[in-house]
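K.L.:
Take this structure first; my questions come after.
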Amino acid sequence: MLFPLQRKPRSMNWNGNQLPETEDKQLNEIDRIIAGDSDDGLRLDKFLLKLLPDSGLRERRRLIENGLVMVNGRSCRSGLKMFPGAEVVLLEAEDRSCAVEILSQVKVVKQGEGFGTVYKPEGLHSAAIAGSAESSVEECLSGIFPGKEPILANRLDFLTSGMLLIAFGVERENEFRECEDSGTVDKVYHAKVHGIPEGPFVVKNSLDTADRKRTKVLDDQAPEERWSSAEVVERYDDGTSLLEVRIAKGARHQIRAHLAHAGFPIVGDPIYGREDSADRMYLHHRKIVLPGFEAVCETGWK
C-alpha cells in the first residue's frame, strides 16, 4: 500500500499550477514522480503502477477519470503516452467517507471490551490507500463501532478474506503490538493450495518486502515470530489440499510467499500461484487469539 510522503493540503502543485477540485472537496497532493527515458511511450494508466503497485487497472483509470492524477499540472486521459521529464502528481480528496456498499459487506464477528473483529470479504481493501479512489473497511469503522475509538490493528491483502482485528483506543492498540512482539498472538489462516504436503512443515525464511508488489523469500532464517507453520486439514482428489497456517507477526504477503516457496502456492494467487481458473484467491484469516480475546470466522468455502 502507498502511504503519503506528506499530507499537507495544497492548493497548488509542485510547479505552482492550481490543483483541480473534485465535488467541491479540497485535494491533497500525495506523491509525485518524474518519467524517465525508459517510460517513453508508456500509457499513463500503466505508468501509475510506479506509485500504486497494489492497484488494479480499473482503479487507476478511475483515479485519472476523477481528476486525481495530473501530468505537468493538467488533468488528462488514461491513454496519454508518457514522455521523459513528464511530472505525474497523485492527489486524493481531503475527506474520505464510508461507502454504503461497504457496510453491507462487512460484518461484526465479535465485540469485546477492548477489541473487536470484523469480517472482510475478498476484493475489498482493509485500510484506506492514499491516492486511491477505492473504499476500505477502515473508513467505515467509526460507523460500525460508534463511540469506541476503533483503530485497525491488522491488515489483510485485497484478495484475502477473513477477520480484521479492531482495537478500541490507542492503549489497546499498543497492548496488541506488545503481544505481537512477545509472541503471544496466534493468527490462524486457511489456505487452499496446489499440491499435498506429506505432513506438517514450517517455513522459516526471512522476507524482503522492499518491492511493494512482490515479496522476495530470502535464504537466511527469520526470527521465530515471522515463521509460517502449516499442516494439512483436508486432501482433495484434484491434487489440491486445505492447509491451516499459523503465524504470530506477519509481513506483507508472508503466507503467500512462504507457501509458494515451499512448493504449495495458493489456488487463485495471481502473483505467487500457478495459472488456474479459480474464482478467487483461497486464503482466509480464520482465527485470532491474544491474551483475553479470541475470535473465529469460518471460510464459508464449499
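K.L.:
To the nearest 0.05, how large is the calculated FRET efficiency for Val100 and Trp301 if R₀ is 30 Å and r is the Cβ-Cβ distance?
P.N.:
Once rounded, the FRET efficiency stands at 0.65.
K.L.:
Less than 14 Å apart at the alpha-carbon level, and either on another chain or at least 8 residues along: which aspartates and glutamates does that give for Lys204?
P.N.:
Asp219, Asp220, Glu224, Glu225
K.L.:
Run the dipole for the chain about the Cα centre, Lys and Arg Cβ at +1, Asp and Glu Cβ at -1, nothing else charged, and hand back the magnitude in debye, nearest 20.
P.N.:
Value, rounded to 20: 540 debye.
K.L.:
Additional query: Taking θ as phi - 60°, what are the ³J(HN,Hα) couplings along the stretch 276-283 by the Karplus curve (6.51, -1.76, 1.60), each to the nearest whole Hz, with x for Gly and Pro?
P.N.:
Running phi through 6.51 cos²θ - 1.76 cosθ + 1.60 with θ = phi - 60° gives 8, 9, 4, 7, 6, 8, 8, 9 Hz.
K.L.:
OK, next. For each of His258, His253, count neighbouring Cβ atoms within 10 Å of the residue's Cβ, then give the residues from fewest to most.
P.N.:
His253, His258
K.L.:
Mind checking which of Ala128, Phe145, Val232 is farthest towards the positive end of the chain's charge dipole, using Cβ charges of +1 (Lys, Arg) and -1 (Asp, Glu) about the Cα centre?
P.N.:
It is Ala128, whose Cα lies furthest towards the positive end.
K.L.:
Give me the distance between the Cα centres of the stretch 137-205 and the stretch 239-302, rounded to whole Å.
P.N.:
The stretch 137-205 and the stretch 239-302 have Cα centres separated by 12 Å.
K.L.:
Report the residue, chosen from Leu141, Leu63, Leu218, that carries the largest GNM mean-square fluctuation when the chain is represented by alpha-carbon nodes joined by springs under 10 Å.
P.N.:
Sorting by GNM fluctuation, first place goes to Leu218.
K.L.:
I've got another one for you. Quick one: order Leu283, Leu103, Leu207 by neighbouring beta-carbon count within 10 Å, fewest to most.
P.N.:
Leu103, Leu207, Leu283
K.L.:
If you put +1 on each Lys and Arg Cβ and -1 on each Asp and Glu Cβ, how big is the dipole of the stretch 27-93 around its Cα centre, in Debye rounded to 20?
P.N.:
Dipole of the stretch 27-93, to the nearest 20 debye: 300 debye.
K.L.:
Show me, for the stretch 236-253, the HN-Hα J-couplings you get by feeding each phi into the Karplus relation (A = 6.51, B = -1.76, C = 1.60, θ = phi - 60°), rounded to Hz, glycine and proline as x.
P.N.:
After applying 6.51 cos²θ - 1.76 cosθ + 1.60, I find 10, 5, 7, x, 9, 8, 9, 10, 9, 10, 10, 9, 9, 9, x, 10, 4, 6 Hz.
K.L.:
Here is a further query. For the pair Asn72/Lys204, report the inter-label distance in nm, with labels modelled 7 Å from Cα in the Cβ direction.
P.N.:
5.7 nm
K.L.:
Still on this structure, please answer the following. For Glu231, Glu244, Glu92, which order do you get if you count the other beta carbons within 10 Å of each Cβ and list the fewest first?
P.N.:
Ordered from fewest to most neighbouring Cβ atoms within 10 Å, Glu231, Glu244, Glu92 come out as Glu231, Glu244, Glu92.
K.L.:
Rounded to the nearest 500, what is the 222 nm mean residue ellipticity of the chain from helices alone, with -39500 (n - 2.57) per DSSP H run of 4+ residues and division by all residues?
P.N.:
Roughly -3500 deg cm²/dmol at 222 nm, from the helical runs in the chain.
K.L.:
Right, something else. I need to check one value: relative contact order of the stretch 182-277, counting alpha carbon pairs closer than 8 Å and at least 6 residues apart, in percent.
P.N.:
That works out to 33 percent.
K.L.:
What is the set of long-range amide H partners of Ala222 at a cut-off below 5 Å, with H atoms built 1.01 Å from backbone N?
P.N.:
Asn205, Ser206
K.L.:
Here is a follow-up. Put +1 on the Cβ of every Lys and Arg and -1 on every Asp and Glu Cβ in the chain; which of Ala167, Gly263, Ile64 then has its Cα farthest towards the positive end of the dipole?
P.N.:
Result: Ile64, furthest along the dipole toward the positive end.
K.L.:
What percent does the relative contact order of the chain come to when contacts are Cα pairs within less than 8 Å and at least six residues apart?
P.N.:
Result for the chain is 14 percent.
K.L.:
Measure off 7 Å from each Cα along the Cα-to-Cβ vector at Val289 and Asp186, then give the distance between these two points in nanometres to one decimal.
P.N.:
Going from the Val289 label point to the Asp186 one covers 0.2 nm.
K.L.:
Gain in length, Asp211 to Val233, computed as 0.36 nm per residue apart minus the alpha-carbon separation, to one decimal in nm?
P.N.:
Difference between extended and current length: 4.7 nm.
K.L.:
While we're looking at this one, here's another question. Tell me the label-point distance for the pair Val170, Glu225, using the 7 Å Cα-to-Cβ offset, in nm and rounded to one decimal.
P.N.:
With each label point 7 Å from Cα toward Cβ, the separation is 2.1 nm.
Laboratory data are not the source of any read-out in this text; all were calculated from the coordinates shown. Source: prediction; values computed, not measured. As a convention, Cβ positions derive from the backbone with ideal geometry for all residues, glycine included, and neighbour counts pool all protein chains shown.
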